[in-house]
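Visitor: Please see the structure below; I have some questions.
Read-outs throughout are calculated quantities, based only on the coordinates presented, and are distinct from any laboratory measurement. Quick caveat, the model's predicted, so the values are computed rather than measured. Please note: Cβ atoms are built from the backbone with ideal geometry, for glycine as well, and neighbour counts cover all protein chains shown.
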Amino acid sequence: MNMKSVPAGRGWQWIVAGFALFKRNALIWIVLHLILILIAVGLNILPLIGPYLLYLLTPLFLGGLMSAAKDTESGQDLEIAHLFRGFRQNTSHLITVGGVYLVGQVVISGVMIMLGGPEFQQALRAGVEGIDPASITPEVATRILMALLVGSALFVPLAMATWFSPALVILDNRSAFAAMGESLRASLRNMRPFLVYGVFSLLLLIVASIPFGLGLVLWIPVTVLTIYTSYRDIFPSAATPAPEIA
């Protein structure tokens, strides 16, 4: 599949383009994400399996939202049904993406717990406030810092491999592993615009959180739309109709 490297400034343009798509049908985008948030809350309430199900199903919802973004771009009407399109199209491949992400997160968490020791596990369970300051010796602090650094280093390629995957699966009918490989390569070739994008996204998140997080109602759907706008920018010939994969 054709992919390209884009200038660093495109990272900001992804946000601008995402906001432009959002404005075309702001109300339905807000409704779609409120429904998704309610689903996420409901799944997290389920004991034991709830959070794992959320990991598995998130690419299906993202696939639906990528389809909605494409239809918005082409001037079509949006419906609530867009959110669930991933449950009807290329479902197994989208679940596979979620499964790989879930396994990756479990492995990363295990490595961090192994490196961080019992104090790190305590911090995960009770938060930083739950740690006895007297137990934070230089050796413990070094272990916790090492766990955080290694965990971050392992998470970055996982995030790169899954960033474009739902769009590539549902819009370009790529298999799960082909989509993840292409997503990883595209992200590595575009580190500079992703860095710019990350900085501006963080700043906008801080602004959206003041006051009382009300701006998140706009920030969350715009952020999801930037996945689509970055995908369209880096994969310029993407989103063309193709037969559904098995």
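Visitor: So what is the relative contact order for the chain, in percent, with contacts set as C-alpha pairs under 8 Å and at least six apart?
Guide: With pairs under 8 Å counted, the relative contact order is 34 percent.
Visitor: Which ³J(HN,Hα) values in Hz, rounded to whole numbers, follow from the phi angles of region 58-67 under the Karplus curve 6.51 cos²θ - 1.76 cosθ + 1.60, where θ = phi - 60° and Gly and Pro get x?
Guide: Per-residue couplings from phi come out as 4, x, 5, 5, 5, x, x, 5, 5, 5 Hz.
Visitor: With θ set to phi - 60°, apply the Karplus curve 6.51 cos²θ - 1.76 cosθ + 1.60 along region 92-100 and write out the HN-Hα couplings as whole Hz, x wherever there is a Gly or Pro.
Guide: Result, rounded to whole Hz: 4, 6, 5, 5, 4, 4, x, x, 4.
Visitor: Based on the mean of other Cβ atoms within 10 Å per residue, sort peptides 152-160, 45-53, 79-87 so the most packed one is first.
Guide: Packing proxy ranking, top to bottom: 79-87, 152-160, 45-53.
Visitor: Specify the inter-centroid distance of region 66-95 and region 155-174, based on alpha-carbon positions, in whole Å.
Guide: Each part reduced to its Cα centre gives a spacing of 15 Å.
Visitor: Work out how much length LEU27 to LEU149 would gain on full extension: take 0.36 nm times their residue separation and subtract the Cα-Cα distance, in nm to one decimal. Could the numbers behind the result be given before it?
Guide: On the way: separation 122, 0.36 × 122 = 43.92 nm, distance 3.99 nm.
Additional length available on full extension: 39.9 nm.
Visitor: Multiplying the sequence separation of ILE45 and MET191 by 0.36 nm and subtracting their Cα-Cα distance, what value in nm do you get?
Guide: Result: 48.9 nm gained on full extension.
Visitor: Quick one: net charge of VAL222's neighbours, Cβ under 13 Å, K/R +1, D/E -1?
Guide: Surrounding charge for VAL222 is +2.
Visitor: Taking a point 7 angstrom from the Cα of VAL217 along the C-beta vector, which residues in region 1-45 have backbone N less than 16 Å away?
Guide: Counting backbone N atoms under 16 Å from the label point, the list is 23, 25-38.
Visitor: Once R0 is set to 45 Å, what does the formula 1/(1 + (r/R0)^6) return for the Cβ-Cβ distance between ASN2 and GLN121, expressed as a FRET efficiency to the nearest 0.05? Mind dumping the intermediate values first?
Guide: Details: r = 46 Å, r/R0 = 1.02.
Computed FRET efficiency for ASN2 and GLN121 comes out at 0.45.
Visitor: Okay, moving on. I need TRP163, TRP29 ordered by Cβ neighbour count within 10 Å, fewest first.
Guide: Exposure proxy ranking, most exposed first: TRP163, TRP29.
Visitor: Another question, then. In angstroms, what radius of gyration and Dmax does the chain have, counting Cα atoms only?
Guide: Reported Rg and Dmax, both Å: 19.2, 62.
Visitor: How much length would be gained if the chain were fully extended between LEU202 and VAL103, taking 0.36 nm per residue of separation minus their Cα-Cα distance, in nm to one decimal? It would help to have the intermediate numbers written out before the result.
Guide: Working: separation 99, 0.36 × 99 = 35.64 nm, distance 2.67 nm.
So the extension gain works out to 33.0 nm.
Visitor: A further question follows. Say a paramagnetic label sat at a point 7 Å from the Cα of PHE177, along Cα to Cβ; which residues of region 70-99 have their backbone N under 17 Å from it?
Guide: Under 17 Å, as judged by backbone N against the label point of PHE177, lie 92-99 of region 70-99.
Visitor: Using only alpha carbon pairs under 8 Å that are at least six residues apart, calculate the relative contact order of region 138-233 and give it in whole percent.
Guide: 22 percent.
Visitor: Where does each of 219-231, 10-22 land if you order them by average Cβ count within 10 Å, highest first?
Guide: Ranked from most to least packed, the peptides come out as 219-231, 10-22.
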